[in-house]
Amino acid sequence: MEPTQDLAFQQIKTRRVFEEICEQIRNRLSTGALKPGDKLPAERELALEFKVSRPAVREALRTLEISGVVSLQKGVKGGTFIRDGNPAMLTQSLQDLMFLGRVTLRSLAEARVLINGLVIKLACERATEEDFRAIEENIAFIESSDEILHRANAGVMFFRLIAKATRNEVLMMLVDSLSDIIRVVIDRTGRVARPELVAVRKRILKAMRARDADSATKAMNEYLSVVHQGMDADPIEVMRPGRAVAAVAKDSLPVGKAAPKAATTRRAPSRPATKAVRGAGAR
């Protein structure tokens, strides 16, 4: 793919050069001059156009990569490409804030209740029969599965399907991010089966089909109160700092199995989870 031409970048005149480069590239995204999949000019060409040093361009591109804006690919067909939107960045940001003590697990759980309350009301208005069938199939799978990890994965999908029914991509991202973080907390502190939640899921779906937002919200709050048991403890340490939620979710194992150890990395032993959170329920 050839680099996108005619971007009309301007000469940099500020002290923190790499920040100005980032801002100009983000501005091109906001105006539509750059779109997902577009390839930026080579580092040398960008340095000439911005009239800055190549290290400044390199620092800007790395900053944009960390932010999830661009992807730096190596090889003959490599280069710097504008990425599609990456909701996982929101999840990572919330996780980092929790580790830094700026966001508590209690606050995340409370936000999840409030956001899902809005989501279920909107889903009651906008859901189609196709949405209802997808949720029904999801519940049937959870009910028939004996594997706790499979049930947990399907539990995350249950929330995602409801959020999808809102036709609001921002709400979908928020629901996904909060679900992922809570799911990792539960995995790390000890997941137990919650067969009683199947009946609650069915009540949620029944209320949605009836377009009964009040009943659906009441059932959703009941569901989350079970899942969030013990998460009012504060502070809480449930994961080793530095591990991404996405990475933990990917290699999560059923309770009782130890996660594989890295061959070359030595990690400090994690502290025991806060007692109040042990035994949090499966979704």
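The values are calculated or read from the model by the stated rules, or taken from the named source; none is laboratory data. Here the structure is a predicted model, which is why all the values come from computation and not from measurement. Quick reminder, even Gly has a Cβ in these numbers, built from the backbone with ideal geometry, and neighbours come from all protein chains shown.
List of remarks:
Residue-by-condition table, conditions (1) among the small types (Gly, Ala, Ser); (2) without any contact (Cβ under 8 Å) to a residue 12 or more places away in the chain:
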{"residue": "Met89", "(1), (2)": "no, no"}
{"residue": "Arg102", "(1), (2)": "no, yes"}
{"residue": "Ala109", "(1), (2)": "yes, no"}
{"residue": "Arg112", "(1), (2)": "no, no"}
{"residue": "Asn116", "(1), (2)": "no, no"}
{"residue": "Val119", "(1), (2)": "no, no"}
{"residue": "Ala127", "(1), (2)": "yes, no"}
{"residue": "Ile135", "(1), (2)": "no, no"}
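- If only residues of segment 41-68 that are among the polar types (S, T, N, Q) and within 17 Å of Leu29 (Cβ to Cβ) are counted, the one that is modelled with the highest pLDDT is Thr63.
- Of the set (1) under 24 Å from the mean Cα position of the chain (by Cα); (2) surrounded by fewer than 18 Cβ atoms within 10 Å (Cβ to Cβ), all apply to Arg201 but (2).
- Residues of segment 28-61 satisfying the condition of being within 26 Å of Leu94 (Cβ to Cβ), surrounded by 14 or more Cβ atoms within 10 Å (Cβ to Cβ) and of a type outside the set (Asp, Glu): Leu29, Ala60, Leu61
- For the residues Arg188, Arg183, Arg194, the requirement of being at pLDDT below 95 and in contact with a strand residue (DSSP E or B) (Cβ under 6 Å, 6 or more places away or on another chain) singles out Arg194.
- If you filter segment 158-170 down to residues that are surrounded by 18 or more Cβ atoms within 10 Å (Cβ to Cβ) and of a type in the set (A, V, I, L, M, F, W, C), you find that the one that is farthest from the chain's Cα centre (by Cα) is Ala165.
- Selected residue (criterion: surrounded by the most Cβ atoms within 10 Å (Cβ to Cβ)) from residues of segment 123-144 that are touching a Leu at 6+ places or on another chain (Cβ under 7 Å) and within 17 Å of Tyr223 (Cβ to Cβ): Ile135
- Qualifying positions in segment 150-181 - β-branched (Val, Ile, Thr) and in contact (Cβ under 8 Å) with a residue 24 or more places away in the chain: Val156, Ile162, Thr166, Val175, Ile181
- Checking Thr80 against (1) of a type outside the set (Lys, Arg); (2) under 30 Å from Val175 (Cα atoms); (3) surrounded by 17 or more Cβ atoms within 10 Å (Cβ to Cβ); (4) at pLDDT 90 or above, the condition it does not meet: (2)
- Taking the listed residues Glu110, Glu49, the one that is acidic (Asp, Glu) and within 30 Å of Tyr223 (Cα to Cα) is Glu110, with no other qualifying.
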